[in-house]
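Written out below as structure tokens is the structure these notes cover.
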Amino acid sequence: MNKILFYLIALLICANFQVKADSPLGKNLQKKYHTMSSDEQTIVIIYLSDKGDIKNYKNIQANAFLTDRSIKRRLKTRQPNNLIDERDYPLNNSYVSLIEKNVIKVRHHLKWFNAVTALVNKNQIENLRTFPFVKEIELVGRWRKNKDSEIEKPIKDEPPRTRSNTSFDYGTSFTQVNQINVPTVHDKGIYGQGIIVGVFDNGFRILNHESFASMNIIAQYDFVDHKESVIPYNPSHGGHGVNTLSTIGGFKQGQLIGPAFGADFILARTENDSSETPIEEDNWAAAIEWADSIGVDVTSTSLGYLTYDPPYTSWTWEDMDGNTTLITKAADHAVSLGIVVVNSAGNSGYNAEHNTLNGPADGDSVITAGAVTSTGARATFSSVGPTTDTPPRIKPDIMAMGQGVKVASSSNPTGYGTANGTSFSCPLSAGVAALVLCANPTLT
């Protein structure tokens with residue numbers, strides 16, 4: 001009976017479409033498709049032709065999809081009668097159900113793109129192409145995390161620092177925040193209060209670090225393993241997230257004080273910790289949709305990539321045009337909804353022939369953070385532009401300290417270390433954005 005019902009649903013859906021040619025493959029999938037064996041698995045994004053009958057959504061209020069905080073933020077860039085549009089409507093359940101039965105595993109539903117991402121084999125791709133509601137099938141971009149030049153070097157015999165005339169004792173983190181005038185803002189009583197900051201990283205394996213004791217974490221989700229906790233299953237993973245979170249929002253007098261320690265935080269695990277396993281960009285796209293619905297104001301992401309050898313596929317420097325990668329399109333749309341998106345430039349240094357950026361740092365609406373030393377000189381590992389669109393755009397947009405940055409230890413709940421990379425100039429920059437919004441809530 002269930003099989004009969006399934007085929008009846010399929011016939012009803014197909015009856016609404018004229019006979020058409022098989023759905024096209026995206027340019028990256030085209031390159032890979034002819035070399036795939038029939039049972040070879042890959043991750044694709046399946047773009048759908050429509051969201052079905054959307055008349056039922058026309059009169060639905062924005063609070064059916066968004067929190068009050070999200071609505072308030074969207075009002076900065078949209079009119080009250082246009083807070084939501086078709087991109088916010090859910091996917092057509094009938095289409096999704098049919099796809100679920102014809103793939104190995106569905107990964108994410110992406111409302112903004114009217115798409116589903118899934119793990120499939122070649123035979124399943126061939127079958128999906130015949131579905132009349134499938135518009136296009138493309139590979140999900142895969143990235144390798146840029147290794148920071150030095151992660152969490154333990155501090156030995158830290159020299160004493162004479163406390164300056166400030167409201168707080170920053171310890172040796174004073175250098176990184178003073179370079180961007182944070183203590184002066186803190187002295188005015190501005191700590192990021194009322195701002196929601198999203199930190200997207202590889203997990204946060206210890207949230208009981210002393211510098212997080214007063215942190216207000218209001219939501220968290222693991223988009224890699226699809227679970228509520230952002231603590232990875234592997235206890236050796238998720239250290240990088242601890243480092244970046246402490247950089248933006250840690251608070252321990254005499255040790256470490258981040259720029260936006262008074263903000264509310266949401267945490268998303270969007271990356272696998274392994275340097276040998278690609279990072280799929282659909283995790284980030286799903287995370288930003290989730291963060292938007294909660295009401296995030298600022299996001300900080302320290303994401304990077306390197307080109308993969310077969311069988312993995314990746315974007316290249318030529319694709320850094322602000323309009324190509326899924327992750328950049330998602331970031332730019334988030335900005336159009338009033339979200340400040342800050343991303344690390346990358347750690348691939350300078351190349352005389354082309355840019356060394358990573359998506360979504362190429363986005364025209366994304367604030368791309370490069371790294372400088374304590375003296376203000378560009379760190380040699382900090383990636384550079386320009387983008388490849390016409391006319392090319394200068395990137396990065398902003399610089400902050402990314403060498404010798406004080407961070408919380410990811411293994412010792414009372415320990416600290418130093419780290420290098422644009423992974424750390426990014427949260428410092430995002431923290432400043434949170435302070436600016438705290439003082440000027442109507443800015444976009």
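What follows is calculated from the coordinates using simple rules that are stated; it is not laboratory data. All figures in this text were calculated on a predicted structure; none of them were measured in a lab. Quick reminder, even Gly has a Cβ in these numbers, built from the backbone with ideal geometry, and neighbours come from all protein chains shown.
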#### Entry: Principal axes of the chain: Cα extent on each, largest first, Å
77, 48, 46
### Task
Place +1 on the Cβ of every Lys and Arg and -1 on the Cβ of every Asp and Glu in the range 150-439, take the dipole about the Cα centre, and give the residue among N202, F212, I294 whose Cα lies farthest towards its positive end.
F212
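So for each of 87-97, 32-42 I average, over its residues, the number of other beta carbons within 10 Å; can you give me the resulting order with the highest mean first? Mind dumping the intermediate values first?
Details: 87-97: 16.2, 32-42: 13.1.
Output ranking for 87-97, 32-42: 87-97, 32-42.
Once you charge only the Cβ atoms, +1 for Lys and Arg and -1 for Asp and Glu, what is the size of the charge dipole of the range 150-439 about its Cα centre, to the nearest 20 debye? Each step should come with its number before you reach the end.
Values: 14 positive and 31 negative charges, 252 e Å.
Approximately 1200 debye in magnitude.
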### Spatially close lysines, pair count over the range 150-439: Cα under 30 Å, gap of eight or more or interchain
12
### Task
Using just the helices of the chain, give the 222 nm mean residue ellipticity in deg cm²/dmol: DSSP H runs with n ≥ 4 each add -39,500 (n - 2.57), and the total is spread over all residues, rounded to 500.
-7000 deg cm²/dmol
### Protection proxy ranking of 267-273, 391-397 - average other beta-carbon atoms within 10 Å, highest first
267-273, 391-397
### Query
What percent do you get for the relative contact order of the chain when only Cα pairs under 8 Å and 6+ apart count?
18 percent
### Query
Listed highest first by mean packing, meaning other Cβ atoms within 10 Å per residue, what order do 226-235, 251-260, 171-180 come in?
251-260, 171-180, 226-235
### Length-normalised contact order for the range 328-399 - Cα pairs under 8 Å, 6+ apart - percent
33 percent
